[in-house]
Amino acid sequence: MWFKRANRGWDLTALLNAADPRAELAARNLWLVRLMEWLRHPAKRSGEPGLDGSGERALPLLRLKHLLNVLERNPVHAEAFAGVLGSVWHDIQALGLFADVGFASRMALWSELLHRLRQRVLPDTVDTRELGELFGLLFPEPEDALWLAELDDELLSRLATLFGQAVPTGNVWREPMLGGLTVLISGVAAAGLSGPLRQRMDPELLSHKPFTQLGRATEQFSDALQRADRAAMMPALQYLRVLLDSCRLAAESIPRHLEGYGVSVDIIFEVEQMLERLRRIETLLDCLVSPEPQRELARLVSNLVRVTHARRSVRMLFARHYSMLARKVAERSAETGEHYITRNAAEYRDMLRSAAGGGLVIAGTTFVKFAVMALSLSAFWAGFWAGANYAASFVAIHLMHWTVATKQPAMTAPAMAQKLSDIDNDEGLENFVDEVAHLLRSQIAGIVGNLALVVPLVLGVQLLSWLSFGAPLVGAKDAEHVLHSLTLLGPTLLFAAFTGTLLFASSLIAGWVENWFVFYRLDAAIAWNPRIVARLGQARAQRWADWWRSNISGLTANVSLGMMLGLVPALLGFFALPIEVRHVTLSAGQIAAAAGALGLEVLQRADFWWCVAAVPLTGALNVSVSFYLAFKVALRSRGIMLADRARVSGAIWRRFKAQPRSFFLPPKAN
């Protein structure tokens, strides 16, 4: 904090001498901040021993006891101290401490993100009349929550006596706490009755209208508490807590709805805020009804410190509220990825055929790419039309139910992550090893099927052009450029790894768009919208809805991947980052085109063979990088910790030594 180094030189005597109840509020607030800083970091004296971690945590408690001893022995300091505390409490608003600290002012995730970024960048000020704003300066370190929680009964009793001297009108904290309770109840009721949340709650849990009854129940409890009518207060408290529990159950039913009907991070954020408010309400009720509230108040303050620092964390915000979206995206990818894993000879042959079909289309993509290059367009438009070429090719492959091998890993990784949850026993571990063998075999089949058709087909077209027109479609100049750029001696492997990140990114985009499609029920809109039904007819509208629901993920993945392969290098070029893409099937097609242009003598050139050597490594990096990134996201979104890596890798290695064939070829039919 901005005041920390300056305050290390203050000692207790100087602080107590500086206490001035007649100073302006900002000066009195600053004095309190300096006092709290002294509790944590007293001035160093020569010869003072250092403290370990446990000593650092106990230091504020020791200093607090010393402060109380000094005040109890010195009435002058005690009077000034009490005067400052009493005047600050009189001039400051405490309601926000109970109602606002730890909560977002607006129920929108991105607004909360901007708020946290401002907190990290802009300095705080003690010139405030809000105790909630001053609270973060009084307790600026997360460790403050620990020593506050360790206050014993003796210290709490002495602190209560001290504050009683400062503010002699009784439990002055009760009035702002009741106000905070009213604000929190209003926030919970408003959120629970709002359309986005109410429509996603379990209807049975809303049958007794708990959110509607919250306000009246709170009024009854507050009236009984203020009248000190315990006979009326306890039934009112019990009824209020029953309603709060019903509201909590209704809020907790929302994630189950989101799991089936699409995830919204804003709704997840609103639900989390509602549950936090419900927990705060329960804590306030414990403080209000406790006959000796000191312990409950200490727990409350400790919890306020924790939530204050938690709200400053940008990482925690994303980790908490994007985990469900990441899991849902991973699950949708896993559903798709199951189709890319072959488990028997028939499925293996189908994979080879579908990959060969993909190679057929990529052969045409290769020649269109050279045609775009021949137009000598500007960097952006060259990248745009190259991306459009890739996207159109990938979409065609998708619609014909063929396969591009490098799209498999990002889809199959979430499916593999699902299997990891069952490796606690030997049978589950062996099943996971089976899936690893199936996956590797399927990936090899996909790459082999792509290359088995794209290379001979490109060579055949080049030869046919020679025979028909006396010249190849791709000329010698372009061929020399290919051999220069795709060589293993250049940055090809770096570009291949970068391409793997684009393959992974396309799977995330596809999962997000599919979730968006499901969340807004666009399939139902297509099937039942009156204008669409009037134009298409009921049966055709239903077919279109089913088609879009089945293909939205695939179309998005292929279009986004194609456009990223074309545009991302062009856009990075504007920032002087010479990044290119290296896709194994496209690279193999370009090398084949170069060989067809240069003739048989190319076989005697070392640069040609360096390009050929780069192809399998390009494929390995395309596959491994995209698989690794997708696998990590799937693991984190599910909260799976792969602790026993040696056990998993050992099982895979034993299988490879015992049955190496299973990783490359399908099992023989019985």
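The values are calculated or read from the model by the stated rules, or taken from the named source; none is laboratory data. The structure presented is a predicted model; accordingly, all values stated were derived computationally and were not measured. Note: ideal-geometry Cβ built from the backbone for every residue, glycine included; neighbour counts use all protein chains shown.
Going through segment 165-194 one residue at a time, which ones are more than 38 Å from the chain's Cα centre (by Cα), part of a helix (DSSP H, G or I) and under 16 Å from Ala298 (Cα atoms)?
As a first pass, look at segment 165-194 and keep what is more than 38 Å from the chain's Cα centre (by Cα): 165-175.
Applying the additional criterion that residues be part of a helix (DSSP H, G or I) yields 165-166, 174-175.
Result: Arg174, single match.
Only one of the numbered conditions (1) under 17 Å from Val301 (Cα atoms); (2) buried (at least 19 other Cβ atoms within 10 Å of the Cβ) is not met by Glu130, and that is (2).
Could you check, for segment 575-582, whether at least one of its residues is more than 25 Å from Gly449 (Cα to Cα), modelled with pLDDT under 95 and among the small types (Gly, Ala, Ser)? Taking every residue of segment 575-582 in turn, at least one turns out to be more than 25 Å from Gly449 (Cα to Cα), modelled with pLDDT under 95 and among the small types (Gly, Ala, Ser). Kindly check whether there is at least one residue in segment 404-418 that is assigned to a helix (DSSP H, G or I), over 31 Å from the mean Cα position of the chain (by Cα) and either in the same structural domain as Arg582 (by TED's automatic domain parsing) or at pLDDT 85 or above (or both). No, every residue in segment 404-418 fails to be assigned to a helix (DSSP H, G or I), over 31 Å from the mean Cα position of the chain (by Cα) and either in the same structural domain as Arg582 (by TED's automatic domain parsing) or at pLDDT 85 or above (or both). Restricting to segment 531-570, name every residue that is within 29 Å of the chain's Cα centre (by Cα) and not hydrophobic (A, V, I, L, M, F, W, C). Answer for segment 531-570, where residues must be within 29 Å of the chain's Cα centre (by Cα) and not hydrophobic (A, V, I, L, M, F, W, C): Arg549, Ser550, Asn551, Ser553, Gly554, Thr556, Asn558, Ser560, Gly562, Gly566, Pro569.
Among Arg327, Arg320, Arg312, which is the only one that is of a type in the set (Lys, Arg) and either modelled with pLDDT of 90 or more or outside any helix (DSSP H, G or I) (or both)? So the residue among Arg327, Arg320, Arg312 that is of a type in the set (Lys, Arg) and either modelled with pLDDT of 90 or more or outside any helix (DSSP H, G or I) (or both) is Arg312.
Are any of the residues in segment 577-594 of a type outside the set (Lys, Arg), in contact with a Gly (Cβ under 7 Å, 6 or more places away or on another chain) and either over 19 Å from Thr403 (Cβ atoms) or not assigned by TED's automatic domain parsing to the domain that holds Gln462 (or both)?
First, the residues of segment 577-594 that are of a type outside the set (Lys, Arg): 577-581, 583-594.
Cutting the leftovers down to in contact with a Gly (Cβ under 7 Å, 6 or more places away or on another chain) gives us 584-585.
Still in the running and either over 19 Å from Thr403 (Cβ atoms) or not assigned by TED's automatic domain parsing to the domain that holds Gln462 (or both): none.
Checked against the condition, which is being of a type outside the set (Lys, Arg), in contact with a Gly (Cβ under 7 Å, 6 or more places away or on another chain) and either over 19 Å from Thr403 (Cβ atoms) or not assigned by TED's automatic domain parsing to the domain that holds Gln462 (or both), segment 577-594 yields no hits at all.
Within segment 505-542, being touching a Phe, Trp or Tyr at 6+ places or on another chain (Cβ under 7 Å), free of Cβ contacts under 8 Å to residues at least 40 places away in the same chain and of a type outside the set (A, V, I, L, M) holds for one residue alone: Asp523. Can you spot a residue in segment 496-504 that is at pLDDT 90 or above, among the hydrophobic types (A, V, I, L, M, F, W, C) and in contact with a Phe, Trp or Tyr (Cβ under 7 Å, 6 or more places away or on another chain)? Within segment 496-504 (the criterion being at pLDDT 90 or above, among the hydrophobic types (A, V, I, L, M, F, W, C) and in contact with a Phe, Trp or Tyr (Cβ under 7 Å, 6 or more places away or on another chain)), the answer is no, since none of the residues qualifies. A Cβ distance below 7 Å, combined with a sequence gap of six or more or placement on separate chains, defines the contacts here; from segment 585-614, residues that are under 16 Å from Lys477 (Cβ atoms) and in contact (Cβ under 8 Å) with a residue 60 or more places away in the chain reach residues that are hydroxyl-bearing (Ser, Thr, Tyr) and surrounded by 24 or more Cβ atoms within 10 Å (Cβ to Cβ) in the pairs Gln590/Thr366; Ala593/Thr366.
Scan segment 195-228 for residues that are part of a loop (DSSP other than H, G, I, E, B) and touching a residue at least 12 places away in the same chain (Cβ under 8 Å) and jot them down. Talk me through it step by step, then tell me what you get.
So in segment 195-228, the residues part of a loop (DSSP other than H, G, I, E, B) come out as 199-202, 207-209, 227-228.
Once the filter is applied, which keeps residues that are part of a loop (DSSP other than H, G, I, E, B) and touching a residue at least 12 places away in the same chain (Cβ under 8 Å), segment 195-228 yields Arg200, Met201, Asp202, His208.
Return a yes/no flag: does segment 244-254 have any residue that is of a type in the set (D, E, K, R), surrounded by 15 or more Cβ atoms within 10 Å (Cβ to Cβ) and not assigned by TED's automatic domain parsing to the domain that holds Glu112. The answer is yes; a qualifying residue exists. Considering only residues in segment 280-310 that are under 13 Å from Phe135 (Cα atoms) and out of contact with any helix residue (DSSP H, G or I) (no Cβ under 7 Å at 6 or more places or on another chain), the one that is surrounded by the fewest Cβ atoms within 10 Å (Cβ to Cβ) turns out to be Val307.
Conditions tested, residue by residue: (1) hydrophobic (A, V, I, L, M, F, W, C); (2) surrounded by fewer than 22 Cβ atoms within 10 Å (Cβ to Cβ).
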{"residue": "Arg535", "(1), (2)": "no, yes"}
{"residue": "Arg540", "(1), (2)": "no, yes"}
{"residue": "Ala545", "(1), (2)": "yes, yes"}
{"residue": "Arg549", "(1), (2)": "no, yes"}
{"residue": "Leu577", "(1), (2)": "yes, yes"}
{"residue": "Ala594", "(1), (2)": "yes, no"}
{"residue": "Glu601", "(1), (2)": "no, yes"}
{"residue": "Arg605", "(1), (2)": "no, yes"}
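Is it the case that Ser393 is surrounded by 21 or more Cβ atoms within 10 Å (Cβ to Cβ) and assigned by TED's automatic domain parsing to the domain that holds Ala452?
On the way: surrounded by 21 or more Cβ atoms within 10 Å (Cβ to Cβ): yes; assigned by TED's automatic domain parsing to the domain that holds Ala452: yes.
In short, yes.
Within this structure, Ala382 fails the test of being closer than 16 Å to Met400 by Cα and at pLDDT 90 or above.
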